[in-house]
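As structure tokens, the structure follows; a few thoughts come after it.
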Amino acid sequence: MGLLDDLEQEAQRRKATLGDAERVKLEREEAFKTRLEPGLQAFHEYLAKLTANLSFLKPKTQVRFDFPGYGTVVANIEHEYDLRANTITPLSKEVVLLFSASVATDECPVVQVNSPAKIRTLNSFFQKARLSGIAEFKKDESGEVTQATFRARGKVTLNVTVAADAESGVARLSFTNFDTLGTVTKSAAPQHFDEKLFDEVGRFIARETNTLFREQLPEDFRKQLAQKVQQEQLKRKWESKIAEQQAQDMERAQRAQREQSLKGKIDRAVAGVAEKAPSILDKVKGLFNKKS
């Protein structure tokens, strides 16, 4: 029996004596060092080649986002990429890719809104996305915006982050502002963090048809997910309605307060005139008495 065989047997005996938690920790550290860390290096090299080609070819690639009450915001990807490889700790590393998309204002709708409540609600969507929305507006005497014309402008930042660490033992992929505003995530086991996955990620970045987020799921589970999505959509719909109703109620309350204040001023003015009326009448009578 050779030296390597002896060492392998000894390693197996020691692993067998470890507790479950220690054994899992050791396995994850081994997976990080043998698969995930080299995989991150290979993924960084893949992205460097991908972005270099995209920067040279500059294909017309777009992202689209639906804004409730406005329509679809269309943005063209700018092929200027910032690729970074970061070492968080010796057992935790990440690869980050940043780039931008400029809003194609001419391809976005022009929407006029005449309700202050709806203006505030729609404007909040644009502010959340860090985009400019209001192109023109009118205010009332109190300074409140009562009419606004919306047209999207600005830039959207896209982010791809792939991180791996020995503690979790998996690669975590996150994509921000691609198919929707916000972040979607996916995890990959060490044995699946390979060239096939890199190609799927590359196609996702290049906005080609791909299966990165189209995993084959059991029919029952797919139905559960669809039901959950419907529930979330219904929840957001009612939350939006409640927010709009609250804004309208506040608007009515403010209007009533202004009307009440104006009524008070009118009442005080009338009362003042009424108080002065007798003295004015006496002066008129005095004039007539002098003439007589």
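The values are calculated or read from the model by the stated rules, or taken from the named source; none is laboratory data. If you're wondering where the values come from, they're calculated on a predicted model, not measured in any experiment. Glycine also receives a Cβ, built like all others from the backbone with ideal geometry; neighbour counts cover every protein chain displayed. What goes into the accessible areas is simple: the full protein's heavy atoms, side chains included, and nothing from ligands, DNA or RNA. Shrake-Rupley method; radii C 1.70, N 1.55, O 1.52, S 1.80 Å.
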Averaged per residue, what accessible surface does region 33-95 expose to a 1.4 Å probe, in Å²?
-> 58
Region 61-103: relative contact order as a whole-number percent, Cα under 8 Å and 6+ apart | 37
Out of residues 5 or more away from A104 or on other chains, whose amide H comes under 5 Å of its own, with H placed 1.01 Å from N in the peptide plane?
-> V74, A75, N76
Pairs to check: K118/K263; K25/K93; K58/K196. Give those whose C-alpha atoms are more than 19 Å from each other in this structure.
-> K118/K263; K58/K196
Projected label distance in nm at K237 and E251, using a 7 Å step from Cα toward the beta-carbon | 2.2
Computed over region 36-156, the relative contact order (Cα-Cα under 8 Å, seq sep at least six) in percent reads 22
Classify region 17-136 as rounded, prolate or oblate, taking a ≥ b ≥ c as the square roots of the eigenvalues of its Cα gyration tensor: rounded when a/c is under 1.5, otherwise prolate if a/b is larger than b/c and oblate if not.
-> oblate
Put a dot 7 Å past each Cα toward the Cβ at A104 and L57; how far apart are the dots in nm?
-> 1.8
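Starting from the alpha-carbon convex hull of region 84-183, give the projected area averaged over all orientations, in nm².
8.8
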Residues with amide H under 5 Å from that of T61, placed H, sequence gap 5 or more = I77
